[in-house]
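Encoded as structure tokens, the structure appears first; notes follow it.
Read the figures in this text as sums done on the coordinates, not as results from a lab. If you're wondering where the values come from, they're calculated on a predicted model, not measured in any experiment. Here the Cβ is made from the backbone with ideal geometry for all residues, glycine too, and neighbour counts use every protein chain on show.
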Number of protein chains: 2
Amino acid sequence: MPATAALKHDAYRPTSARSVGAPHLRPVTFHAPETVIYAQGDDARYLYRIQYGAVRVFRLLADGRRQIVAFYLTGETFGFEIGALHGFYAEAMVNTGLTTTERCSAGTLTHELVEIALKAMIRAQEHLLVVGRQSALEKMAVFLLDLAKRQECEAVIDLPMSRADIGDYLGLTIETVSRTISKLRAAGIIRLHSARSFEIVKPDRLRMMSV
Amino acid sequence: MPATAALKHDAYRPTSARSVGAPHLRPVTFHAPETVIYAQGDDARYLYRIQYGAVRVFRLLADGRRQIVAFYLTGETFGFEIGALHGFYAEAMVNTGLTTTERCSAGTLTHELVEIALKAMIRAQEHLLVVGRQSALEKMAVFLLDLAKRQECEAVIDLPMSRADIGDYLGLTIETVSRTISKLRAAGIIRLHSARSFEIVKPDRLRMMSV
DNA sequence: CGGTGTCTTGAGTCAGTTCAAATATTGTGG
DNA sequence: CCACAATATTTGAACTGACTCAAGACACCG
């Protein structure tokens, strides 16, 4: 039963949002690394679009276990909730700029909102497939390929998240994450520039592992 | 790595839908147990509301591993998709009656649709928490409590699904599901009327285990 | 440079899996 | 209604992939 302590994080630090929007554009709020964007129980008033940076959305169990339900990258939108309150936490993982839109504003938005909500649902269900039924190696393969696809460059991956984040996303411990990455490196499938920057050398080998 | 063979199922049997609607009411289609309602790749034209019965929605991996992403019971609605095609399979688990609505019809439907879609998303994300981070015992506790809450009667649970279904939903093998149920029974927390019908004797004990 | 946090690696353990077999349970034809 | 076949569930024993605990390597920052 994995359990990466997340409580030591900054879940209780005040949000360090600072508006730096250009005068006539929708203002961009800035969020420093490891700071809260919204917390479980907060009013769910806005949708957030990432201009630059990366965000994790997660939930905590009473004993500190954490499940990250999604990572969001530049250009993506998050912040859906069913009620008036957030059921999850959202934190910036690196320097992040966000623009907000009122959740319940113009009716024209509704159609787009449904699309985005459905996309989030599908992604959660696909994630379920990975977390519930795959080995550590398969999980990492899926994760890396997904990340590569969502970033501009398909070959070089910059990880905005720590090993602990990856573990809490895939349902693994940090040690297993690290060991799995080492195995992929030893097999010549990926090359590490640093702990947070990879190059996918043999994407086909990854793809073979991922289904 | 669990792998309940699902291919032997009826995924390739033709759908046995038969309309038996009363003349002036929305027609109800009937689906026999273990029959396909829609398959991965089918046109996603309708939303389905369950009048009676129970449905599983799942996805298959190439090697036959199956992940059930959701069970739907009487009164619930399923069939959301992001594109024009279904990304998942839906099968009736018992005798099931469904009413359909066009997915993209009347604008008045939209608000309700958003609500249902968001609920499905939240449920998928909560399920992620269970599958990714909980022990077998915790998973079963959450599962049973959820099922009890969604059925009329809170104390007696009629399982419309097999052990294999439960396993593929929770990310466990049928053996582990069975053993876990045996443990709950031995602890006097549940009583079995039959393999598919329980009584929750000590719901508090279950609740204690479920977080 | 020392200090602090992150990442990697090693060794032993355990929860859940696999394989195998016994026991219900359900359905079917006579 | 019963006997038999087929299916579903339970239980046992051994195995293993991922976890836990512990220590070492690395990187970043003042």
Please report the projected area of region A:82-204's Cα convex hull averaged over all directions, in nm². 9.3 nm²
Other protein chain Cβ atoms within 10 Å, averaged over every residue that makes up B:57-65: 2
Residue B:183: which lysines have alpha carbons under 28 Å from its alpha carbon, excluding same-chain residues fewer than 8 sequence positions away? B:139, B:149, B:202
Need one number: convex hull volume per residue for region B:18-120, Cα atoms only, in Å³. 105 Å³
Taking the Cα atoms of region A:134-209 alone, what are Rg (to one decimal) and Dmax (as a whole number) in Å? 11.1, 29
Burial ranking of peptide ranges A:172-185, B:146-159, A:117-130, B:80-93 (average Cβ count within 10 Å, highest at the top): A:117-130, B:80-93, A:172-185, B:146-159
Taking every residue in A:112-118, how many Cβ atoms of other protein chains lie within 10 Å of its Cβ, on average? 5
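By how many nm would the segment from residue B:179 to residue B:151 lengthen if fully extended, with 0.36 nm per residue of separation less the alpha-carbon distance?
7.7 nm
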